[in-house]
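The values are calculated or read from the model by the stated rules, or taken from the named source; none is laboratory data. Just so you know, these numbers come straight off a predicted model, no measurement behind them. No Cβ is skipped: glycine too gets one built from the backbone with ideal geometry, and neighbour counts run over all protein chains shown.
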Amino acid sequence: MRRAPLLAAALGAVALAVACSSTETKTELVPPTEPASLAPVPPPVDAGEPPVDAGPDAAVCPPAQVNPAAFIPYRSARAKTGMCVSQAMLEGSVDACVKGFSSCNAWLDDIQNLDCVECLVTMNTDAAWGPVVLVGTKRQFYNLGGAAELGGASLPCAKAVHALEACVFEACTCKPTSSACDKAARAGACRLVAAARDTACVAAPDKAIVGAIDKDAYAYFGAFCPP
């Protein structure tokens, strides 16, 4: 059964989401100092693709401001044990999709992986979210707030982590999946949201959880879909 190409993009682009999960003021991992950020698997590459949606061209993308009222609201995380039956299966999903659409679709089409795919990918209209959240038929974001929640962070911290991802998602409607847009949004239109995230997660336990949310994409997926 052939899965929609968006699922391949959703899994394959997780490294980009992980790579761009903190502000420009942080030092590498990819970004970090407060709290530490998430490391890419592998380092993200911006292909310089043109905007998918009609809107501003790359010169004005992202915009200088975004409307917080447009942010996708936070929803609770959900974990489903046993749908991805092994750590190797989780790692295989990322490894296959990082290589490209062909290998990713082959992984998605393998009947042995269907339950794991169901665990990994959710819709933004679902009552609770997994690690990858599809929005309509063209876009997706990564549930880092949910990962913080599952890791034991306070709810205000988890919601603040999500708010930053929601801000970047909205700011980069003009150029989805672009690492350049993502970084520019965190340093510009979403700068205050990033500062609010850091404030909400300043307590030592929250800061440690957010800093560890995913030093690699395997651990990120595993919080939601443990074997």
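Please work out which one of (1) closer than 16 Å to Pro68 by Cβ; (2) modelled with pLDDT under 95; (3) of a type outside the set (D, E, K, R); (4) buried (at least 24 other Cβ atoms within 10 Å of the Cβ) is the condition Thr173 fails and give its number.
Looking at each condition in turn, Thr173 falls short on (4).
Exactly one condition in (1) over 18 Å from Gln140 (Cβ atoms); (2) part of a helix (DSSP H, G or I); (3) within 17 Å of the chain's Cα centre (by Cα) is false for Thr173; which is it?
(1)
Report, by residue number, each residue of the stretch 104-145 that is buried (at least 22 other Cβ atoms within 10 Å of the Cβ), within 17 Å of Ala166 (Cα to Cα) and in contact with a Pro (Cβ under 7 Å, 6 or more places away or on another chain).
Correct list: Tyr142, Asn143.
Can you work out which of the residues in the stretch 78-103 that are touching a Leu at 6+ places or on another chain (Cβ under 6 Å) and part of a helix (DSSP H, G or I) is nearest to Ala8 (Cα to Cα)?
The selected residue is Cys97.
Is the stretch 64-78 home to any residue that is within 14 Å of the chain's Cα centre (by Cα), surrounded by fewer than 21 Cβ atoms within 10 Å (Cβ to Cβ) and not aliphatic (A, V, I, L, M)?
Yes, the stretch 64-78 contains a residue that is within 14 Å of the chain's Cα centre (by Cα), surrounded by fewer than 21 Cβ atoms within 10 Å (Cβ to Cβ) and not aliphatic (A, V, I, L, M).
Somewhere in the stretch 170-186, is a residue touching a residue at least 40 places away in the same chain (Cβ under 8 Å) and at positive phi?
Yes, some residue in the stretch 170-186 is touching a residue at least 40 places away in the same chain (Cβ under 8 Å) and at positive phi.
Condition first: part of a helix (DSSP H, G or I) and within 16 Å of Pro62 (Cα to Cα). Can you find one or more residues in the stretch 146-164 that meet it?
Within the stretch 146-164, one or more residues are part of a helix (DSSP H, G or I) and within 16 Å of Pro62 (Cα to Cα).
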